[in-house]
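Report on the following structure.
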Amino acid sequence: MSAPKAGAGARALRTRLGTLAGVVVLGVLLWRTGTGPLLGGLRRIDGPALLAALGIGLVTTVCSAWRWSLVARGLRIRLPLAPAVADYYRALFLNAALPGGILGDVHRAVRHGQSTGDLGRGVRSVVLERAAGQLTLAVFGVAVLLTMPSPLLTGARQAAPIAAPAVLGALAVAVAVRRNRVPAPEGRRGRPTMLAEAREALLSRANLPGIALSSAVVLAGYLAMFFLAARVAGSGASVAVLTPLAVLALLAMTLPLNVGGWGPREGVTAWAFGAAGLGAGTGLGVAAVYGVLSFVAGLPGAGLRR
């Protein structure tokens, strides 16, 4: 088997395993809570909620596409905003409609790379754009989970004395490896590395302000969608109470173990709501409503020509 075929086979296997994991999570969750909370939340979705989801989706998609355009510019490939918005909408729809949750991003990466004549940079622009969003979520999530009352706060404080030495040891190993790194061969020293490209695309003076602003707006949009889902599902919890739970749900959604985005999000949200004293069933309903609203937000991508 050739290397490309082996790589494609490995990716297909990961997608199948991720889909199976998502199905198992949903199955166990429905077995424990029943279908009542899920169906109850879905029945509450009305026209105003769907219109609000479309509006939030428009803002987050345009800002995400803007971030992608900035990253592409940092990699010295052209990506105007209008085509970026169209491709991003299409990717969101495919992510929600197909197993694995990432096939839409794969499609836009390949499509952009082929259109610019540089498949490698096209793929890297998508990877770096997604990395910028996930890094923003991770930084915000850690800050929220360690400073606001949440199901993880007590556990994190208890685990800190144990985890700190391990983290310091890992940093010491990383520093030692870096200092003893073998110099690159003469022929490869002039080639831009992935790290150098990331630095130019994400951290340059021209790009950093726009990427930071767009990432902040996108994250705010995701949180607003979660708060909307909570209200639609019937939760009366305050924004301060819901924010750590929303962060946990968003972090769970980054795991490639889902069926069109469904699976870990529902499991983690149900657990978080239960641990916060709001009821696991309510959490399941909120996650289900969030999934439907997110799918509706990406529906404009279904009408775009490929």
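The values are calculated or read from the model by the stated rules, or taken from the named source; none is laboratory data. What you are looking at is a predicted structure, and each value in this text was computed from that prediction instead of being measured. So basically every Cβ, Gly included, is an ideal-geometry build from the backbone, and we count neighbours across all protein chains shown. Ligands, DNA and RNA are stripped out before the accessible areas are found, and what is left, the full protein with its side chains, is counted by its heavy atoms. Shrake-Rupley method; radii C 1.70, N 1.55, O 1.52, S 1.80 Å.
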Here are L195, L168, L248: which of them is within 30 Å of G55 (Cα to Cα) and either open to solvent by 40 Å² or more (accessible area, probe 1.4 Å) or modelled with pLDDT of 90 or more (or both)?
L248
Quick one: in region 198-230, which of the residues that are of a type in the set (S, T, N, Q) and modelled with pLDDT of 95 or more is farthest from L245 (Cα to Cα)?
S214
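Condition first: touching a Ser or Thr at 6+ places or on another chain (Cβ under 6 Å) and at pLDDT 90 or above. Now tell me which residues in region 78-110 satisfy that. Talk me through it step by step, then tell me what you get.
Here is the first cut: in region 78-110, the ones touching a Ser or Thr at 6+ places or on another chain (Cβ under 6 Å) are 79, 81, 84, 88-89, 99-100.
Selection gives L79, L81, A84, Y88, Y89.
The rows are residues; the columns are (1) surrounded by 21 or more Cβ atoms within 10 Å (Cβ to Cβ); (2) under 11 Å from V126 (Cα atoms); (3) in contact with a strand residue (DSSP E or B) (Cβ under 7 Å, 6 or more places away or on another chain).
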residue: A65; (1), (2), (3): yes, yes, no
residue: W68; (1), (2), (3): yes, yes, no
residue: P80; (1), (2), (3): no, no, no
residue: V85; (1), (2), (3): yes, no, no
residue: Y89; (1), (2), (3): yes, no, no
residue: L94; (1), (2), (3): yes, no, no
residue: L98; (1), (2), (3): no, no, no
residue: G101; (1), (2), (3): yes, no, no
residue: V106; (1), (2), (3): no, yes, no
All but one of (1) within 19 Å of the chain's Cα centre (by Cα); (2) open to solvent by less than 40 Å² (accessible area, probe 1.4 Å) hold for A201; which doesn't?
(1)
Within region 265-274, residues being modelled with pLDDT under 85 and farther than 13 Å from F226 by Cα number 1
Would you be able to say whether some residue in region 257-264 is surrounded by fewer than 22 Cβ atoms within 10 Å (Cβ to Cβ) and modelled with pLDDT of 85 or more?
no
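Would you mind stating whether G113 is part of a helix (DSSP H, G or I), at pLDDT below 90 and in contact with a Leu (Cβ under 6 Å, 6 or more places away or on another chain)?
Answer is yes for this residue.
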